[in-house]
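To keep things clear, I will list the structure first and then write my remarks on it.
The values are calculated or read from the model by the stated rules, or taken from the named source; none is laboratory data. Keep in mind it's a predicted model, so treat the numbers as computed, not measured. Positions of Cβ are generated from backbone atoms using ideal geometry, with glycine treated the same way; all protein chains shown enter the neighbour counts. For the accessible areas, the whole protein counts, side chains as well, though only heavy atoms, and no ligand, DNA or RNA atoms are used. Shrake-Rupley method; radii C 1.70, N 1.55, O 1.52, S 1.80 Å.
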Amino acid sequence: MTVILRKVTKTPLDFDIKSNEITFKGYLEYHAGKLILLKADLRGLVDTECSTCGDEFKLKVDEKVEFFISDGLYDGDNIDIDVVESFNSSADLDELLLSEVELLKSDYHSCNSCEKN
Ligand SMILES: [Zn+2]
């Protein structure tokens with residue numbers, strides 16, 4: 001699902017997308033200047049590797065995701081929330097979901113049996 005950034009207004013634009021066993025459900029809302037707020041829940045299961053034993057396992061995910069999408073280069077003040085810059089005036093939500101999943105995978109995770117030990 002691709003969203004044209006300049007079409008996002010103060011009225012939240014809902015989205016609900018799915019990739020494998022993960023759902024990414026939330027909304028986009030115009031904030032100010034070039035910034036569009038994305039707020040969503042990331043829920044489901046992600047295939048990942050245990051950082052301890054290397055076995056593949058399914059990681060249960062239930063996270064809140066919140067960041068700004070900037071329509072072009074962001075040159076404003078530092079803000080508390082991450083800013084993702086878009087240089088094609090649009091946001092590809094499937095791609096954003098994939099990068100969130102990759103980010104989760106890069107964290108340290110232990111499978112159930114390693115966690116018990
Ligand atoms: Zn393990």
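Antiparallel DSSP bridges in the range 41-117: what percent, to the nearest 5?
Percentage antiparallel, nearest 5: 70.
Compute for the range 49-117: radius of gyration divided by Kirkwood radius, i.e. Rg/Rh, restricted to C-alpha atoms, rounded to two decimals.
Result: Rg/Rh = 1.12.
If each DSSP helix of 4+ residues adds -39,500 (n - 2.57) and the sum is divided by the residues in the chain, what number results at 222 nm, nearest 500 deg cm²/dmol?
-4500 deg cm²/dmol
Which percent of the Cα-Cα distances in the chain go past 20 Å?
Of the Cα pairs, 47 percent sit more than 20 Å apart.
With springs connecting C-alpha atoms under 10 Å apart, model the chain as a Gaussian network and identify which of Thr48, Thr11, Thr23 has the largest mean-square fluctuation.
The residue that fluctuates most here is Thr11.
With every protein chain left in place, what is the accessible area per residue of the chain in square angstrom, probe 1.4 Å?
That works out to 65 Å² per residue.
Spin-label point model (7 Å from Cα, Cβ direction): what's the Thr52 to Glu115 distance in nm?
In this crude label model, Thr52 to Glu115 measures out at 1.1 nm.
How far, in degrees from 0 to 90, does helix 93-106 lean away from the longest principal axis of the Cα atoms of the chain, to the nearest 10?
Between the helix axis and the principal axis of the chain, the angle is about 40 degrees.
Just subtract the alpha-carbon distance of Leu73 and Asp14 from 0.36 nm times their residue separation and send over the number in nm, one decimal.
Gain on stretching Leu73 to Asp14: 18.8 nm.
List, in order, the whole-Hz ³J(HN,Hα) value for each residue of the range 27-41 obtained from phi through the Karplus relation with A = 6.51, B = -1.76, C = 1.60 and θ = phi - 60°; use x for Gly and Pro.
So the J values, rounded to whole Hz, are 8, 10, 8, 5, 9, 6, x, 9, 9, 10, 8, 10, 10, 7, 9.
What's the carbon and sulfur percent of the range 1-97's accessible surface, probe 1.4 angstrom, rounded to a whole number?
46 percent
Per the Kirkwood formula on distinct C-alpha pairs, the Rh of the range 64-103 is how many angstrom?
11.1 Å
Set Lys and Arg Cβ to +1 and Asp and Glu Cβ to -1, take the dipole of the chain about its Cα centre, and tell me which of Met1, Thr11, Gly54 lies farthest positive.
The one lying farthest along the dipole's positive direction is Thr11.
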